[in-house]
1. Take the residues in segment 1-40 that are in contact with a helix residue (DSSP H, G or I) (Cβ under 7 Å, 6 or more places away or on another chain) and modelled with pLDDT of 95 or more; name whichever of them is surrounded by the most Cβ atoms within 10 Å (Cβ to Cβ).
2. Filter segment 81-123 down to the residues that are charged (D, E, K, R) and at pLDDT 95 or above, then identify the one that is nearest to the chain's Cα centre (by Cα).
3. Among the residues of segment 105-148, count how many are open to solvent by less than 10 Å² (accessible area, probe 1.4 Å) and of a type in the set (Gly, Ala, Ser).
4. Might you let me know whether segment 36-47 holds any residue that is in a helix (DSSP H, G or I) and under 27 Å from residue 198 (Cβ atoms)?
5. For the list (1) part of a helix (DSSP H, G or I); (2) under 14 Å from the mean Cα position of the chain (by Cα); (3) not aliphatic (A, V, I, L, M), I need the number of the one condition that residue 135 fails.
6. Considering segment 207-222 alone, what residues qualify as being surrounded by 15 or more Cβ atoms within 10 Å (Cβ to Cβ), among the small types (Gly, Ala, Ser) and outside any strand (DSSP E or B)?
7. I'd like to know if segment 159-180 contains one or more residues that are buried (at least 19 other Cβ atoms within 10 Å of the Cβ) and of a type in the set (Ser, Thr, Tyr).
8. Which condition number in (1) touching a residue at least 60 places away in the same chain (Cβ under 8 Å); (2) surrounded by fewer than 16 Cβ atoms within 10 Å (Cβ to Cβ) is the one that residue 187 fails?
Amino acid sequence: MDFQLFPEGDGAILIEAGKEISLANHRKIRAIVSLIEKAAPAWMIEYIPAYTTVTVLYDPFKVYAKFGEYPYRYVSRYFTRLLEKAQPTFIPEPRTVDIPVCYGGKFGPDLENVARINGLTPEEVIRIHASGDYTVYMIGFAPGFPYIGGMPEKIAAPRKKTPRLKIPERSVGIAGKQTGIYPIETPGGWQIIGRTPVKLFRPDRDGPSLLQAGDKIRFRPVSLEEYRELEKMPS
């Protein structure tokens, strides 16, 4: 596997596995993460996967105390040896997570705009959005916010020129060729087309983010009545 290493300050290293957002590069990132998780060196603090990179935070004092050399030099050599083993086939089987969505109305104020941009009806946008082959590429921006690839280009839409100051939690949006879900109330510029009753960010749990990089997503249209019933159920 091709990769490059870069220093990120005095306590982090950036592993770059590609330049473009693609499923192939996403699989490389997952393979890298799988190796890092298995190795779990004592000097590692945490790792942060993104579209084409993984940033690893480490304790330079622990590295120097144990190995007696410049921390980045040791860490870069360690990951060079580790990642020579990385293959995109070294990834666990992904989960598939069902995400019910109530589209349009007050939950999806931008649904008609997305339809107009693409010369479609709102019903066609819903059907196309719910038929995508989706993968969570990364978690970022806000706690538990999934950046989801695989959305059909037929319903792509640009971010709003003026972001909203408040987007309700669990809102489902479109930005460019990707879709995502706002786990908490936050400002944002995505085109909002619906809302899910499923909580994505649960700070009272050990794993506060419902979704993880690599998960497969299945969006399922539901009526307002079904949305209300699902919203009452424990998450």
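1. From segment 1-40, those in contact with a helix residue (DSSP H, G or I) (Cβ under 7 Å, 6 or more places away or on another chain) are 1, 3, 5, 7, 10-11, 13, 15, 17-18, 32, 35, 39; that's our starting set.
If we keep only those that are modelled with pLDDT of 95 or more as well, we get 5, 7, 11, 13, 15.
Values: 5: 16, 7: 14, 11: 18, 13: 22, 15: 26.
Of everything passing the filter in segment 1-40, 15 is surrounded by the most Cβ atoms within 10 Å (Cβ to Cβ).
2. Start the filter on segment 81-123 by keeping residues that are charged (D, E, K, R), which leaves 81, 84-85, 93, 95, 98, 106, 110, 112, 116, 123.
Imposing the further condition that a residue be at pLDDT 95 or above reduces the set to 98, 106, 110, 112, 116, 123.
Numbers: 98: 16, 106: 25, 110: 22, 112: 26, 116: 27, 123: 27 Å.
Within segment 81-123, the match that is nearest to the chain's Cα centre (by Cα) is 98.
3. 3
4. Let us first name the residues in segment 36-47 that are in a helix (DSSP H, G or I), namely 36-39.
Filter again for under 27 Å from residue 198 (Cβ atoms), leaving 37.
Checked against the condition, which is being in a helix (DSSP H, G or I) and under 27 Å from residue 198 (Cβ atoms), segment 36-47 yields at least one hit.
5. (1)
6. Correct list: 213, 214.
7. Yes, segment 159-180 contains a residue that is buried (at least 19 other Cβ atoms within 10 Å of the Cβ) and of a type in the set (Ser, Thr, Tyr).
8. All conditions pass for residue 187, except number (1).
The values are calculated or read from the model by the stated rules, or taken from the named source; none is laboratory data. Only a predicted model underlies this, so the values are computations on that prediction, with no experimental measurement involved. Note: ideal-geometry Cβ built from the backbone for every residue, glycine included; neighbour counts use all protein chains shown. Just so you know, the surface numbers come from the protein's heavy atoms only, side chains and all, with ligands and any DNA or RNA stripped out. Shrake-Rupley method; radii C 1.70, N 1.55, O 1.52, S 1.80 Å.
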